[in-house]
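What follows draws every value from the coordinates through simple rules; no lab data is involved. These numbers were taken from a predicted model, which means no experiment stands behind them. A quick note on method: Cβ atoms are made from the backbone with ideal geometry, for glycine too, and the neighbour counts reach across all protein chains shown.
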Amino acid sequence: MKASSFSLKAPAKINWFLKVLGLRNDGYHEIRSLVQKVTLYDELTFFASADIILRSDLNIPVKKNLVYKAAKLLKDRYNVRKGVTIQLKKNIPVGAGLGGGSSDAATTLCGLNELWSLYLPRDELCKVAEEIGSDVPFFLHGALSLVEGRGEKISEYTASQPLCLLLVKPSFDISTGWVYKNFSTYNRLTVGGTSGSELTKKSNKVDNIGHFINCIGKADISCISRYDNVSNDLESVSLRAFPLIAEIKEKILREGAVFSLMSGSGPTVFGVFDSQKRAERASGAFKDFWTAVVKTIIKEN
């Protein structure tokens with residue numbers, strides 16, 4: 001007999017690099033990004049009920065929340081007569097580039113697949129996830145993955161040990177849609193996957209993707225530190241509009257990080273440290289910001 005309620009954790013993510021390769025005919029951007037889950041979690045608790053009810057302290061309309069959208073889409077797609085009450089406890093900042101909303105949506109699909117006894121395989125859940133958002137399918141896969149296409153092409157990799165990170169987020173949020181829209185404007189992306197000279201010039205920065213992925217997989221700090229040219233293309237937009245992000249990146253490095261980058265569309269910046277103690281010490285230099293010391297996830301329970 002199933003429990004009357006159960007809880008699942010939804011992890012945040014960071015992007016080790018993010019390349020925007022062009023604007024597709026369907027209006028989405030073609031990307032290539034190495035993404036890894038980290039030990040910062042939202043928590044979702046599922047209760048059986050007659051209707052779909054979402055409870056959270058978020059100041060957004062319920063029907064615009066990706067958790068609600070995921071539940072409604074799954075219910076309608078498979079003609080489910082049951083409902084669910086979902087209690088969402090947020091710990092991942094909203095609009096931070098850490099994938100909290102997408103992770104919540106993916107976790108909702110997993111939770112309801114169990115609660116409603118749908119027994120859908122992962123591939124089927126991923127098709128639903130693609131309709132909710134480009135980042136959602138990743139969270140149905142392994143902890144470390146190379147994500148391509150608009151986010152639906154996912155290749156899983158293994159990591160031997162966790163790495164220690166400091167996350168730093170300034171007080172403002174950034175809309176992912178706004179960043180991608182302005183990226184196309186700044187870089188003159190054209191339909192079909194080509195771009196202006198700025199993107200072409202940038203494309204040489206991550207030629208050795210395989211070597212860099214091996215560094216992350218081996219958790220080799222000295223190897224990672226040599227890749228100072230690994231980039232997040234979306235920084236060209238976010239840093240231009242919010243110079244404070246660049247200041248945070250530079251300060252994290254001064255505080256002892258061996259590698260630093262903006263995650264996703266920002267504004268959160270992460271730094272890689274060789275120990276938790278050093279990461280925690282560095283966090284003290286960012287008292288006016290939201291911070292979290294986390295580890296990369298290498299294997300999920």
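Observations on the structure shown:
- Net charge dipole, the chain: roughly 280 debye, given to the nearest 20, about the Cα centre with Cβ charges of +1 for Lys and Arg and -1 for Asp and Glu.
- Stretch gain in nm, segment Glu148-Ser171, where the contour uses 0.36 nm per residue and the Cα spacing is subtracted: 5.3 nm
- Inter-probe distance in nm under a simple model that places probes 7 Å from Cα toward Cβ, at Asp220 and Ile60: 3.9 nm
- Inter-part distance where region 221-296 and region 21-93 are each reduced to a Cα centre, Å: 27 Å
- Each Lys and Arg adds +1 at its Cβ and each Asp and Glu adds -1 at its Cβ; summed about the Cα centre, region 5-157 shows a dipole of about 240 debye.
- Mean separation of Cα contacts under 8 Å (6+ apart) over length of the chain, as relative contact order %: 23 percent
- Kirkwood radius and radius of gyration were both taken over the C-alpha atoms of the chain, and their ratio Rg/Rh is 0.97.
- Dipole-positive endmost among Leu167, Ser33, His211 within the chain (Cβ charges, Cα centre): Leu167
- Low-density loop positions, chymotrypsin sites (Phe, Trp or Tyr not before Pro), region 77-128 - DSSP coil, at most 16 other Cβ in 10 Å: Tyr78, Tyr119
- Trypsin sites (Lys or Arg not before Pro) lying in DSSP loop within region 217-301, provided at most 16 other Cβ fall within 10 Å: Arg226, Lys287, Lys299
- Hull-based mean projected area of region 5-157, where the convex hull spans the alpha carbons, in square nanometres: 8.9 nm²
- Out-of-range pairs (alpha-carbon distance over 23 Å; input Lys89/Lys181; Lys75/Lys295; Lys9/Lys299; Lys82/Lys299; Lys37/Lys127): Lys89/Lys181; Lys75/Lys295; Lys82/Lys299
- Residue (of Tyr180, Val294, Leu18) at the positive-pole extreme of the chain, dipole from beta-carbon charges: Val294
- Isolated Cys residues of the chain, judged by Cβ distance under 4.7 Å to other cysteines: Cys110, Cys126, Cys164
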